[in-house]
Every structure is written in C-alpha cells, then in structure tokens.
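The values are calculated or read from the model by the stated rules, or taken from the named source; none is laboratory data. All values reported here derive from a predicted model rather than from experimental measurement. Because the Cβ atoms are built from the backbone with ideal geometry, glycine has one as well, and the counts that use them run over all protein chains shown. Heads up: the accessible areas ignore ligands, DNA and RNA and are worked out on the full protein's heavy atoms, side chains in. Shrake-Rupley method; radii C 1.70, N 1.55, O 1.52, S 1.80 Å.
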2 protein chains.
Amino acid sequence: MLTPIARQTATDSVFDQVAGEIVSGELGPGDILPSERALATALGVSRPALREALGRLAQAGLVQIRQGGSTQVTNWNDVAGLDLLPRLLLVNGEVDVVVVRSIFEMREVIGTDAARLCARRADTATRERISNEAGAMSISDDPAELAPIALRFWRQVINGSGNIAYRMAHNSLAVTYEPMMDIVAELLRRELTDVRAHQELAAAIAAADEPRARELARHVLRLSEPDWKSALIMIGAQDDD
Amino acid sequence: MLTPIARQTATDSVFDQVAGEIVSGELGPGDILPSERALATALGVSRPALREALGRLAQAGLVQIRQGGSTQVTNWNDVAGLDLLPRLLLVNGEVDVVVVRSIFEMREVIGTDAARLCARRADTATRERISNEAGAMSISDDPAELAPIALRFWRQVINGSGNIAYRMAHNSLAVTYEPMMDIVAELLRRELTDVRAHQELAAAIAAADEPRARELARHVLRLSEPDWKSALIMIGAQDDD
DNA sequence: GGCTACAACTGGTCATACCACTTGACCACC
DNA sequence: GGTGGTCAAGTGGTATGACCAGTTGTAGCC
C-alpha cells in the first residue's frame, strides 16, 4: 500500500516539538520560553519559520505571546480548546487511555442528542440521506469497510441536528481518532455490524420520533461499550465501573 | 471602565479578514486564494506576516496549503474543529442564533454527563471544591457576579469527570460566549440564582450518587431554557419546539 | 521614595534572495 | 498514441539582515 510522502516543514517540526514538550509536562504552566532569536538558533531554523510555529502554538492555546515580553506557557488545561485533542492522544509515544475513553464517551453523548434533535429538525433530504447510509451498511461486515459509512451516517445525523457545535466537535473527535481508525473500527465492531439498529434509528428519524431516535441512538452508540472498555483496561486504564 | 488597548498585529488582521470572508461564504469551498505574493501586496502587509496568518488559517481548518500549488478554501463545515466556534458567533456583524442555541444545547449535554461522571470519579478534594463553589453562589443574586462562580463550579465538575474532551470542549464554548458574558449571564438568571439546586447537585456528587447527580445537573442546566429560547426567537431564530 | 531617561532586551515587520515543489508545454522515442 | 525527460514559470518554504514597536530594569536626579 503506497501512500504519499509528506515532507514536514520546519514550522510543523517546531510546532510538534514544542507542543509535545508542553502537553507532556516538560514545559509547565508559567514557564518562559527562550527569546525567539535564541529559540530559532537552538532549533536550527530561521526566525520567521519559528514565529509561524509560535503563532500557531498561541492559537492552540498552549502559549501566550506578548510583544516586548516573553512567550509563556499557558495553563492550557484551562484555556485550550477541543482542537488540541489530537495532540493529546499520543504522549511520549504512548496512547493516553483517558483521551481514548473521553472520545468514546463524548461521541455517545453528542451522537445521542444529535439524533434526538435530528428527528425534530432535519429536512426531508437529510432524512433520506441518513436512511441511505444506514442501508449502505449492509454491504459488508468488515469494520474497516463500515467505518467510513458510519462516519458519513453520523455526519448526516449531526447535520440534521442543526447544532453546529456538535458538528465541529464531531470533526475534532474524528481528526483525533483518524490515525488509529483501523483499531477504532475493530473496537466498534458490534456497533458497526448492527445494520438493523442503524436502520431502526434512521426510521425513527424519518418518522420525526424524537424520544425513540434518542433511545435508539443511545443504544447503537453503546453497543460496543464493553469492548472498548475492556480494551482500555488491557492497555492500562483504571477500571472505574 | 478602562481596558487595556490591544494593538492588533498585521497577522491578526489578515487572519480576521480572511477567516471572516470564508465563514461568511464570500469565499466558498474550493475557491483558490491569490498567491502569497499577490495577497500580501493586496493586503498591504509583508509576506512573512501574511504567511503567519495563512498557517493559522490552515490550522483552523479553513484553508489547505500545498507547496508549489495554491492555497484553497476547505469545505470547513466538514473539517474545522470546535475552536472555530468563536469565529461563527458574529457573522457580518450579526449574532448567529444557531451558534448561540448550539452552545446552550451542548453546554447542557456535556454538563449533565460530566456531573454523572464526576459523581463516580472525582477525588475528595474536587468534591469539596465543588461544594465550596456551590456555597459561594449565595453571595449575590446578580447574574453578572454569579457567572464567574458558576463557571468555576462547572469547571470543577468537568475536572472531576475525568473526561478531557469535555474539558476542552467546555473551554471552546467559554471562549465563544465570553465576549457576550453579560448577556449570557442575564439569560441564565434563573439558573445562576438557584443556589439550592447547585448545592443539591454538589451534595449528590459528594455522595457519589451518579443517577441523582445526572438528574440534578440536567435540572440545573435546563432552568433557564425557556428564557434563552424565547430570547433567541426574539432575535430571529426559528421556533422548532 | 518617586519620577524620568536611557539602554537592553523582547516581539513584530519588512525587503531581498534563494530553495523546494508543482504544473504545463514541448520534444524524443517506442 | 503513450510514456518519459527536460525546461520554464509559477507557487509555497526558508533564511538573512535591518528596522520598528513595546517592555523592563537600572541609574540618576529631586
């Protein structure tokens, strides 16, 4: 399987390195970064490239920049937004099980409410698209093939909910688990292969049955909960159930 | 009330202007931006400053940059994460009521589940902090004074939930409504002034009573639902209830 | 002790030159 | 006609050096 070779820019390298030091705790809240000139020299890049990275780190909520002052690490737990989540999945080369668990939990909560709202708000075309995607899930029982279909299914559901925050949070979550999509698909096997449950949900949405859509969405999104929970325990999470 | 004068950098100005054109639809998905050299000249800034802005626009999911190619507007509805939400609140100088409604809905769903998980997972110190913040809510019945306390209350609840995605989504939401905090506080008056409800929730969390915490959180977070809903209708939202 | 001026340092920007990559056109060969 | 190679023009990526704008600390004066 051939994939494109992606050359990493200097700016990306700097961003990755500094962000990694911050989220891993090597650089803590309040720590002062060296001056731009010193940092550019230390990292072997030009100052403009370094500045690009710093601007992005500031946008990600990891540092605060003040002209004439110095660049300081934030208490990013309190200020960084959901877009930082992909950076937290792997810390020091290891999967952070709290991040994985958080993703599944959030996926369930948002998906459930999105389905409820979708039953109320979606237009006819969206309801049809949801039914079509639910139907398309019968083409295979391989999770790797079903995952993109399910993603499209939920995207339509969230579209139909009319809640743009759910839309964008869903995007943030998807970007986070995309690098381990095959593993996620396997963990969600029970959900992905239950075509009938998806179709019943699509039917409840089509029928504008809000409580039923909510109940079914919750059911679907919980089908694989035992599997991902036990997998997380296997790789180190505390069992809190 | 004097506030610090924030001088806007050229990079910030470029970012704001281009992001505004994209989210307002003036620049649509697939549109090609002029070359960096042409755009820098057109906007009257240097190319490095322009590049800093473009890198940030790419990070925000609004454009895609390819070396040797051109910079293209994404279908950002499908790729931008939650951190873009503040940019969507005001479009063409007007409040987007869908964004406001989305925030309130998401706040309720995440807050409810966070309280449930908090009852299960929080350590003793966090439970105490939650109780302390609930207690602190009796110092006033002015929403403007209560809003920061409530924010801290919910921040602790979300801390205690152990769900980092909720944490960061909450940060993203907070940044979005912060510029209109006084209006939001007024809309949430019924919630913010109901000290007893907050204290009962804190007690349920302290008692590790998960279902009760969930029920009470939902109750608290829905107290002001009629108010924000009618306010949204007044400024133009469709009533979909 | 408080105020002012200055120097040193930091971040912000600009101009210029050059490097790396992409695309399209053209040519040669099979 | 299809494939591969080369070249030119254009785009993004980077570096260097100079200068501007803001911040902080120190010294001197009253």
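Considering only residues of the range B:2-15 that are at the interface with chain A (Cβ under 10 Å from one of its Cβ atoms) and surrounded by 13 or more Cβ atoms within 10 Å (Cβ to Cβ), which is farthest from residue A:82 (Cα to Cα)? Looking at the filtered set, the residue picked out is B:9. Residue-level analysis places residue B:61 among those that are part of a loop (DSSP other than H, G, I, E, B) and surrounded by 19 or more Cβ atoms within 10 Å (Cβ to Cβ).
Within the range A:206-218, is there a residue that is buried (at least 22 other Cβ atoms within 10 Å of the Cβ), within 15 Å of the chain's Cα centre (by Cα), within 14 Å of chain B (Cβ to nearest Cβ) and assigned to a helix (DSSP H, G or I)? Walk me through how you get there before you give the answer.
Our first condition is that a residue be buried (at least 22 other Cβ atoms within 10 Å of the Cβ); within the range A:206-218, this holds for A:213, A:216-217.
Among the residues that remain, those that are also within 15 Å of the chain's Cα centre (by Cα) are: none.
Among the residues of the range A:206-218, not one is buried (at least 22 other Cβ atoms within 10 Å of the Cβ), within 15 Å of the chain's Cα centre (by Cα), within 14 Å of chain B (Cβ to nearest Cβ) and assigned to a helix (DSSP H, G or I), which makes the answer no.
Considered as a group, the residues in the range A:59-75 that are within 9 Å of chain B (Cβ to nearest Cβ) and in contact (Cβ under 8 Å) with a residue 12 or more places away in the chain include one that is nearest to residue B:84 (Cα to Cα), and that residue is A:60. Of all residues in the range A:70-93, which are assigned to a loop (DSSP other than H, G, I, E, B), open to solvent by 40 Å² or more (accessible area, probe 1.4 Å) and within 16 Å of DNA strand C (Cβ to nearest atom)? If the condition is that a residue be assigned to a loop (DSSP other than H, G, I, E, B), open to solvent by 40 Å² or more (accessible area, probe 1.4 Å) and within 16 Å of DNA strand C (Cβ to nearest atom), then A:70 is the only one that fits. Among the criteria (1) among the acidic types (Asp, Glu); (2) free of Cβ contacts under 8 Å to residues at least 40 places away in the same chain; (3) within 16 Å of DNA strand D (Cβ to nearest atom), the one residue B:52 does not fulfil is (2).
Would you say residue B:55 is in a loop (DSSP other than H, G, I, E, B) and not basic (Lys, Arg)? Considered against the rule, which asks whether it is in a loop (DSSP other than H, G, I, E, B) and not basic (Lys, Arg), residue B:55 comes out as no. On the given criteria, is residue A:84 away from DNA strand D (no atom under 16 Å from the Cβ), in contact with a Phe, Trp or Tyr (Cβ under 9 Å, 6 or more places away or on another chain), modelled with pLDDT of 95 or more and closer than 20 Å to residue A:13 by Cα? When the stated conditions are applied, residue A:84 passes them.
Residues in the range B:9-28 that are among the small types (Gly, Ala, Ser), touching a residue at least 12 places away in the same chain (Cβ under 8 Å) and away from DNA strand D (no atom under 16 Å from the Cβ): B:19, B:20, B:24, B:28.
In contact with a Phe, Trp or Tyr (Cβ under 9 Å, 6 or more places away or on another chain) and open to solvent by 10 Å² or more (accessible area, probe 1.4 Å): is that true of residue B:235 in this structure? Working first, answer last.
Numbers: in contact with a Phe, Trp or Tyr (Cβ under 9 Å, 6 or more places away or on another chain): no; open to solvent by 10 Å² or more (accessible area, probe 1.4 Å): yes.
Against the criterion (in contact with a Phe, Trp or Tyr (Cβ under 9 Å, 6 or more places away or on another chain) and open to solvent by 10 Å² or more (accessible area, probe 1.4 Å)), residue B:235 does not qualify.
None of A:144, A:136, A:115, A:125 is in contact with a helix residue (DSSP H, G or I) (Cβ under 7 Å, 6 or more places away or on another chain), farther than 17 Å from residue A:178 by Cβ and surrounded by fewer than 19 Cβ atoms within 10 Å (Cβ to Cβ) except A:136. Scanning the range A:94-106 for residues that are of a type outside the set (Val, Ile, Thr), more than 9 Å from chain B (Cβ to nearest Cβ) and crowded, with 16+ Cβ neighbours inside 10 Å yields one hit, A:104. Within the range A:29-45, residues that are under 12 Å from residue A:63 (Cβ atoms) and more than 11 Å from DNA strand C (Cβ to nearest atom) have Cβ atoms under 7 Å from residues that are open to solvent by less than 40 Å² (accessible area, probe 1.4 Å) and not in a loop (DSSP other than H, G, I, E, B) in these pairs: A:29/A:73; A:30/A:73; A:31/A:73, counting only partners at least 6 apart in sequence or on another chain. Here is the figure for the range B:16-52: residues that are over 22 Å from the mean Cα position of the chain (by Cα) and within 12 Å of chain A (Cβ to nearest Cβ) total 7.
Please work out which residue is surrounded by the most Cβ atoms within 10 Å (Cβ to Cβ), limiting yourself to the range A:39-49 and to residues that are within 7 Å of DNA strand D (Cβ to nearest atom) and part of a helix (DSSP H, G or I). Ranking the qualifying residues of the range A:39-49, first place goes to A:49.
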